[in-house]
Amino acid sequence: MSRKPLQQVPEWLQLFQSMPNIQRFFAGDSNAHGMNSLLKSLNVYLKKMLHHNDSDHPFVWYNLGFNSELIYALGDVCPVPVESLGVMHSLIGSHDITLEFIDHAQACGVPNDCCSADKLAIGAMHKQVYPQPACTVGINTPCDAQVLSTQVIAELGQAPFFAIDVPYYHNDETIRHVAKQLWELVPFLEAHTRRKLDYDRLREVCELSNRMTETIWEWLEWRKRAPLAQSSKLVAFTLILQILFTGSEEGLAIAQGLLREARERSERDERFFEERVRAVWYQDPVWTDLQIYDWFERELGLTVPVDIFGFYAHEGLIDTRTPETMMLGLARKLVACHPMARQFRGNIDVYIRDFMHMVEAWNADCCIFAGHIACKHAWGGIGLFKEALRKADIPLLIFEFDMFDPRVTPYQDVFFEVERFVNEIVYPRKQRKASA
Amino acid sequence: MARNDLFDDVTAIISAPDNPYISRWKASGKPVIGYFCQYAPPELLLAAGALPVRLRGAGSEDSASGDALMSSRVCTFVRHVMSLVLDDAYDFLDGEISVNTCDHVRRAADVFTKKSALPFHGFISVPRTPRESLFDYYLGELRKLQAALAEHFKVVIDRESLNRAIRQTNGTRRRLSALNQLRRLERPKLSGAKALSVHIAAQLMPPDDFAELADNLLAELESFEGYDPPTVRLFVTGAELDEPAYIAAIESQDALVVADDICFGERSVFGSIDENSDDPLDAIARATFFRTSCARMIGDFPNRWERLNRRVAETKADGVIFQRLIFCDPWGAEQHNLLHRLQSDPAFPILSLLREYGVVPTGQLRTRVQAFVEKIEIARVRNGAAGGGA
Ligand code: SF4
Ligand code: SF4
């Protein structure tokens, strides 16, 4: 065996040791099917990763704009989004490791005004925590941060690199252009992983991916019900599902867990708090501390039925009839559905239109623009976004923070901003409207 | 005209959005089109009978209007340009072409279309990596732009007009190349600040007028014996930079910038395009798409690294200054990759600087450059004439 066992890498070891405790902690709530299925699937992924590592199977690194189907379709190949380890540590609360990755990236020359999702990925790559890849894939969506990230993957991966270009426009030509590149990507992956893509296997993977998508759509439908019966903090998981799990049984299991929980809690009409205000959380979730959403619910009666990372657009399923239709379907997912990539890569209109749709469909009272400081495309459009909301008479809170680095804006400041907004602006306004 | 007068002329041309050449062009009834990025080829605009004018923030005293719409988290270059647009300083334009260069320029395109009264907006989605299989997409984008320009400005853009435009821009590049050779001499005849000014002027005036100006300059410089050999010869690379004052501040520290690889500077001089092609747009697209890439081109860093090394050696530069505008991700990646390569292969000394557009260079910049120059000198003494990593 030529690879170092992952158990000898402290950052992995800590994760392996923490997972059972975290699973036990959440298992206490037997109705928390969403969180429990996520943790269970993460565990399965980690076990498979160990197996791939010990068996010397090929690894493929990629960035967060890419989806995992093609890699799963290759068989015994391990998909590795380069952000995964830093994000997992953030999710399980071992922030020291996430922050260490971020700081290390900066020490290696990544400017501090760049996205922390990139920094935690680059810090991890510098620390050589991921098994050496057979090849790497980079896609320029959703934004410049991913241009940065992919350039660094190409440099640090020390493996053949394939870039996927996603154009600016929202049209069929864009989808065909990306599909054409996926056709180029296949022989690249085959050559470097030494695995042949079996199109029947790809069909199975795409069918799993479709079932996951349909389940997500159904889940998001349940979250339209007011009052919201399922925790706000689960909504952003759509993004993780698409990056790491789409096309796998584990992905489908997570989506089913999320749906089951939303449906059962809604049917039981569960209430842990009084819902006073519903918000569309636009921009980035507070990954550093998802408990903050529990606090919003308990203390303010604020729920987040949908956010930009959770919203999955109805752009159709993958047509599995032929290899050609599958490639088109996979391309469509990447450019027209993948959270962030859909809203951030083109002009500002899609960004604003999707927001308006979410407000209406999820019956929200306001918008919370949680301005991750590195999302320069969103900040660059903030004037036009504000204008659109003013015209539509939707209350808007804007604040700056960093989704993985609590040192940028302390929790207290986020609490303060949101509390003031809900209690002094949105709720009184809602009451006024109700009594008018 | 004497050398200094010619440079005064250049300074006048580049110090505000408008200049007398643009006014004269407009007065003759011909359109002027602003463009952000060199992946929007000026040849196509010239062939449409328009004067291509590279968008800049010169003359912007503050970026308040841009900040209000785009926040203070956007590249200061873009904010200054858009402030000028919003404050009507670019009202003389008949249109603009934006490119998906980066997130900042993309958002500038939104502001252009929604907040300016310009009658024509073009957009080019340039593939993010210079791979042969993506070339047709880029060419397709240029063909669409060609059709849109022809329709809007009611002109015929044909083989003849495109080849004529190619001859003009080839002429510009040839002259700039000749001027750049004068920077490489033992006793350089042109400072980096002046050279940058001339490159900028070339992107703000009709090619025929520039030809006259450049020929006069070349003639005047012939008799100039050159500056005393500088203590240190520097190479400047990195993000957008169209502020000669910044280079002048660097050069105030016993150094001369003998070469650069910035898009307003020498990166705009990429050799010549076939002047007799049957499909001149294809020739333009090929030359533009496969030119020395900008940091926004993914996966092409190894080529940029190789070229930088070659050019540093060729121009006998003692060190490299890498500058980046705050909030710029593409050049943030380049900074990381450069530092990473230099760790295992310390090919040249490097100083990495963070810039804000429109900020008069401060003492801090001078101090850092001075320390860098001293470091190079000390290393030179230690290593003998061969130089070596400082
Ligand atoms: S959209 Fe924002 S959060 Fe996502 S990668 Fe880009 S900068 Fe980071
Ligand atoms: S300097 Fe960077 S951020 Fe600014 S316009 Fe150029 S590429 Fe974009």
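Each value in this text was obtained by applying a stated rule to the coordinates, not by laboratory testing. The structure presented is a predicted model; accordingly, all values stated were derived computationally and were not measured. All Cβ positions, glycine included, derive from the backbone under ideal geometry; neighbour counts span all protein chains shown.
Please state, as a whole number in µm²/s, the translational diffusion coefficient that the Stokes-Einstein equation yields for region B:144-249 at 4 °C and 1.567 mPa s, with Rh defined as the Kirkwood radius across alpha carbon pairs.
Details: Rh = 16.0 Å.
Rounded to a whole number, D works out at 81 µm²/s.
For region A:264-360, state which chymotrypsin sites (Phe, Trp or Tyr not before Pro) are in a DSSP loop and have at most 13 other beta carbons lying within 10 Å of their beta carbon.
Numbers: sites: A:Phe272, A:Phe273, A:Trp281, A:Tyr282, A:Trp287, A:Tyr293, A:Trp295, A:Phe296, A:Phe309, A:Phe311, A:Tyr312, A:Phe344, A:Tyr351, A:Phe355; in loops: A:Phe272, A:Phe273, A:Phe309, A:Phe311, A:Tyr312.
Counting only loop positions with at most 13 other Cβ atoms within 10 Å, the chymotrypsin sites (Phe, Trp or Tyr not before Pro) in region A:264-360 are A:Phe272.
Restricting things to alpha carbons, find the Rg to Rh ratio for chain B using the Kirkwood radius for Rh. Walk me through the numbers on the way to the answer.
Working: Rg = 20.4 Å, Rh = 21.5 Å.
Result: Rg/Rh = 0.95.
Under a 5 Å amide H to amide H cut-off, with H placed in plane at 1.01 Å, what residues pair with A:Ile164 once short-range neighbours are removed?
Result for A:Ile164 returns A:Gly138, A:Ile139, A:Asn140.
Which angle between 0 and 90 degrees, to the nearest 10, do you get for helix A:95-107 versus the longest principal axis of chain A when only C-alpha atoms count?
Helix A:95-107 sits at roughly 70 degrees to that axis.
Evaluate E = 1/(1 + (r/R0)^6) for B:Met1 and A:Asp113, where r is the Cβ-Cβ distance and R0 equals 51 Å; express this FRET efficiency to the nearest 0.05.
Numbers: r = 45 Å, r/R0 = 0.88.
Once rounded, the FRET efficiency stands at 0.70.
Treating the angle as unsigned and between 0 and 90°, give the value, to the nearest 10°, between the Cα long axis of helix B:363-383 and the longest Cα principal axis of chain B.
With rounding to tens, the tilt is 50 degrees.
Near A:His372, within a Cβ-to-Cβ distance under 11 Å, what is the net charge of the other residues, with Lys and Arg +1 and Asp and Glu -1? Could you put the intermediate results ahead of the total?
Numbers: positive: A:Lys376, B:Arg73; negative: A:Asp284, A:Glu400, A:Asp402, A:Asp405.
Here the count lands on -2.
Relative contact order, percent, of region A:135-213 when contacts are C-alpha pairs under 8 Å separated by at least 6 residues?
Relative contact order of region A:135-213: 25 percent.
Report the paramagnetic label zone for B:Leu185: residues of region B:218-248 whose backbone N is under 16 Å from a point 7 Å from Cα along the Cα-to-Cβ axis.
B:218-230
Step through the residues of region A:261-266 one at a time and calculate ³J(HN,Hα) from phi using the Karplus curve (6.51 cos²θ - 1.76 cosθ + 1.60, θ = phi - 60°), rounding each to whole Hz and writing x for Gly and Pro.
Taking θ as phi minus 60°, the curve returns 4, 4, 5, 5, 5, 5 Hz for region A:261-266.
Might you report the magnitude of the Cβ-based charge dipole of the protein assembly as shown about its Cα centre, with Lys and Arg at +1 and Asp and Glu at -1, to the nearest 20 debye? Write out the running numbers ahead of the final one.
On the way: 90 positive and 110 negative charges, 123 e Å.
My answer is approximately 600 debye.
Convert each backbone phi in region B:145-156 into a coupling constant with the Karplus relation 6.51 cos²θ - 1.76 cosθ + 1.60 (shift: θ = phi - 60°), then list the ³J(HN,Hα) values in order as whole Hz, x for Gly and Pro.
These are the phi-based 3J(HN,Hα) values: 5, 4, 5, 5, 5, 4, 5, 5, 8, 6, 10, 9 Hz.
Any lysines with Cα under 20 Å of the A:Lys233 Cα? List them, leaving off those in the same chain fewer than 8 positions away.
Filter leaves A:Lys40, A:Lys224.
Estimate the FRET efficiency between B:Asn276 and B:Val360 by the formula 1/(1 + (r/R0)^6), using the beta-carbon distance for r and 45 Å for R0, to the nearest 0.05. Don't skip to the answer; put the middle values down first.
Details: r = 47 Å, r/R0 = 1.05.
FRET efficiency, B:Asn276 to B:Val360: 0.45.
Quick one: what Rg and Dmax do you get for region B:49-169 from the alpha carbons, in Å?
Cα only, region B:49-169: 15.9, 46 Å (Rg, Dmax).
Which of B:Asp215, B:Asp9 comes first, and how do the rest follow, when ranked by fewest Cβ neighbours within 10 Å?
On the way: B:Asp215 13, B:Asp9 17.
Ranked by crowding around the Cβ, least crowded first: B:Asp215, B:Asp9.
What are the residues whose amide H is under 5 Å from the amide H of B:Val236, where those residues sit 5 or more places off or on another chain and H is modelled from the backbone?
B:Ala259, B:Asp260, B:Asp261, B:Ile321
Taking θ as phi - 60°, what are the ³J(HN,Hα) couplings along region B:95-104 by the Karplus curve (6.51, -1.76, 1.60), each to the nearest whole Hz, with x for Gly and Pro?
x, 8, 10, 10, 9, 7, 3, 7, 4, 6
If I take every Cα pair under 8 Å that is 6 or more residues apart in region A:23-100, average their sequence separation and divide by the length, what percent do I get for the relative contact order? Walk me through the numbers before you get to the answer.
On the way: 56 pairs, mean separation 15.7, N = 78.
20 percent.
Kirkwood hydrodynamic radius, computed over distinct alpha-carbon pairs, for the protein assembly as shown: how many Å, to one decimal?
Details: mean 1/r = 0.0354 Å⁻¹.
After inverting the mean inverse Cα-Cα distance, the result is 28.2 Å.
Can you list the residues, at least 5 places off or on another chain, whose amide H is less than 5 Å from the amide H of A:Cys78, using H built in the peptide plane?
Counting only residues 5 or more places away or on other chains, the set is A:Phe59, A:Val60.
Return a whole-number percent for the relative contact order of chain A, with Cα pairs under 8 Å and 6 or more residues apart as the contact set.
Details: 733 pairs, mean separation 74.3, N = 436.
So the answer I get is 17 percent.
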